[in-house]
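Structure record follows, encoded as structure tokens.
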Amino acid sequence: MHTLTHKIRLKTTPEHEKFFSRACGVARFAYNWALGKCNEIRLETGKNPSIPELKKQFNALKEVEFPWIYDSPKDANQQPFTHLQKAWKRFWDGAKQGKRLVWNHKQKKELLAEGVKISQMSFAPTFKRKKDNHHSFYLSNDKFALEGKKVRLPKLGWLEMTEKVRFEGRVLSGNISREGQYWYISVTLEVSDAVYFKPRTFDGIVGVDLGIKHAAILSTGEPFENPKPYRTAKRRLAIRQRRVSRKQEAQLEGMGLKGKPIPSGTKIPQSNNQKKAQTRVNRVHARVVNIRRDFQHKTTTKIIRKNQVVVIENLYVTGMLQNRKLSSALSDVGLGEIRRQLEYKALRYQTLIHVADRWFPSSKLCSDCGWKNTELKLSDREWKCFECGVVHDRDLNAAINLRNLLLLPRGHSESHASPDLEGSPEMGSTREMPPVRDAGQETKHAESA
Ligand SMILES: [Zn+2]
């Protein structure tokens, strides 16, 4: 079975938006209620409660205690229990894999200080906050209907969408969410092979170096320039954010709280002008997200569509994000997302993604003669091979080395273990390369990701 999701913008009125916000609030409330109970019960009994059991309790209480949740679709208060159950499962699965358990922010800080990596931590579910910006609620497939560019939603009736669902198939579920000032519906469908699989336009073999200067550069020399939407918008964001802050300050002054510590639980009312100013901030954020997403999709589709095999580095994105100098630039291009898109699109085009071993020195090897430049620094954008004298562009050279992993399976430089392309490569699957051996050095074993 193949599933695809299409996210479509909804054409909303202020009434719709109010309705959606309320439903998101209900979802958040149910989640937090259940999580609060979990924590309580664990404190009392030392055991983890059963989520279905909690759901029963909630359903028995809701009519009397939370009658207002009936204004929103039923799934909004039921699905969060499933979400929470999944979150706990992830957490305990992490524990089984020997990760360190993190219950709160303070613990995370302490572990980081000890030098424990984020990837070695498992995070307990946390309460959802209104300001966290993940506003969404779930709809099961019997609660909504689609017809062309329209969707019928519970209690609201027919709403217009900006486009119709792109795929034909059986609707499995829906999810309504907000991004910036807009609301979207994500429709997940079960689709046939004919819809799911797409034809490739060419059968190349390519190495892809993901980075910051170019978001991606191919071994063919084709670059994909990072549009850096956040960096471009930074100044405007700061200006607009300042306008919001000034209005907030004015409110505080009116309340006699300016420059003083604000007692917890104090509600600071927002003036209409502050709300408007905030909308303008959100609009810039939404634009940044849209530019980035558009770029990521175009780049990844282009790479996957025309190649039979794509060789990429085993990027350690979480680790790189901890490097302060790199993290802002890295989030701006969204390398993690690019990698994710490459992998799921590979499935649709039946392209093989070959992930190089984490220790494969793709930047340091001379792609002409195989000499290894052990002195290469992160800041060296160009370097000259000591052995054969060729001058390399750092990123392009890395991309070529990645491609060579498959094109020159044996005998190139030291011993790059040979991937058996003739065998039957599992299309669309991700495989790890065996470790690379450097002459005179011990083999480092990669942790499989
Ligand atoms: Zn060389």
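The values are calculated or read from the model by the stated rules, or taken from the named source; none is laboratory data. Remember, predicted model here, so these are calculated numbers, not experimental data. Reconstructed Cβ throughout: ideal geometry from the backbone, glycine too, with neighbour counts over all protein chains shown. Side chains included, ligands, DNA and RNA excluded: accessible areas come from the protein's heavy atoms. Shrake-Rupley method; radii C 1.70, N 1.55, O 1.52, S 1.80 Å.
Overview of results
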{"read-out": "Looking only at region 362-391, and only at residues there that are within 16 Å of Val208 (Cα to Cα) and in contact with a strand residue (DSSP E or B) (Cβ under 6 Å, 6 or more places away or on another chain), the one that is most open to solvent (accessible area, probe 1.4 Å)", "value": "Lys364"}
{"read-out": "Inter-residue pairs, beta-carbon under 7 Å, first at positive phi and in region 148-164, second in a loop (DSSP other than H, G, I, E, B), 6+ apart", "value": "Gly148/Lys164; Lys155/Pro73"}
{"read-out": "Odd one out for Arg178, checked against (1) in a loop (DSSP other than H, G, I, E, B); (2) of a type in the set (D, E, K, R); (3) in contact with a helix residue (DSSP H, G or I) (Cβ under 8 Å, 6 or more places away or on another chain)", "value": "(1)"}
{"read-out": "Test: Val284 is open to solvent by less than 60 Å² (accessible area, probe 1.4 Å), touching a residue at least 24 places away in the same chain (Cβ under 8 Å), farther than 25 Å from Arg403 by Cβ and not assigned by TED's automatic domain parsing to the domain that holds Asn133", "value": "yes"}
{"read-out": "Test: Leu35 is farther than 30 Å from Tyr196 by Cβ, free of Cβ contacts under 8 Å to residues at least 60 places away in the same chain and open to solvent by less than 40 Å² (accessible area, probe 1.4 Å)", "value": "no"}
{"read-out": "Count - residues of region 385-399 that are farther than 18 Å from Leu218 by Cα and more than 9 Å from the ligand (Cβ to nearest atom)", "value": "0"}
{"read-out": "Looking only at region 57-92, and only at residues there that are more than 18 Å from Asn39 (Cβ to Cβ) and among the aliphatic types (A, V, I, L, M), the one that is most open to solvent (accessible area, probe 1.4 Å)", "value": "Val64"}
{"read-out": "Residue count for region 38-54, restricted to those that are farther than 17 Å from Trp103 by Cβ and open to solvent by less than 60 Å² (accessible area, probe 1.4 Å)", "value": "3"}
{"read-out": "Residue identified as touching a strand residue (DSSP E or B) at 6+ places or on another chain (Cβ under 8 Å) and either buried (at least 18 other Cβ atoms within 10 Å of the Cβ) or in a strand (DSSP E or B) (or both) among Thr220, Thr188", "value": "Thr188"}
{"read-out": "Residue under evaluation Leu376, criteria (1) near the ligand (Cβ under 10 Å from one of its atoms); (2) of a type outside the set (Ser, Thr, Tyr); (3) more than 30 Å from the chain's Cα centre (by Cα), criterion not met", "value": "(1)"}
{"read-out": "Filter pass, Lys298 being under 19 Å from the mean Cα position of the chain (by Cα) and open to solvent by 80 Å² or more (accessible area, probe 1.4 Å)", "value": "yes"}
{"read-out": "Complete set of residues in region 247-280 that are in contact (Cβ under 8 Å) with a residue 12 or more places away in the chain, open to solvent by less than 60 Å² (accessible area, probe 1.4 Å) and assigned to a loop (DSSP other than H, G, I, E, B)", "value": "Ile268, Ser271"}
{"read-out": "The lone exception for Lys150 - which of (1) touching a Phe, Trp or Tyr at 6+ places or on another chain (Cβ under 6 Å); (2) open to solvent by less than 60 Å² (accessible area, probe 1.4 Å); (3) not acidic (Asp, Glu) it fails", "value": "(2)"}
{"read-out": "Boolean, Arg403 is under 31 Å from the mean Cα position of the chain (by Cα), under 30 Å from Ser192 (Cα atoms) and either of a type outside the set (Ser, Thr, Tyr) or open to solvent by less than 10 Å² (accessible area, probe 1.4 Å) (or both)", "value": "no"}
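For every residue, the table says whether it meets (1) in a strand (DSSP E or B); (2) under 30 Å from Ala87 (Cα atoms); (3) open to solvent by less than 40 Å² (accessible area, probe 1.4 Å).
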residue	(1), (2), (3)
Ser122	yes, yes, yes
Lys128	no, yes, no
Lys131	no, yes, no
His134	no, yes, no
Phe137	yes, yes, yes
Lys155	no, yes, no
Glu163	no, no, no
Arg166	no, no, no
Val171	yes, yes, yes
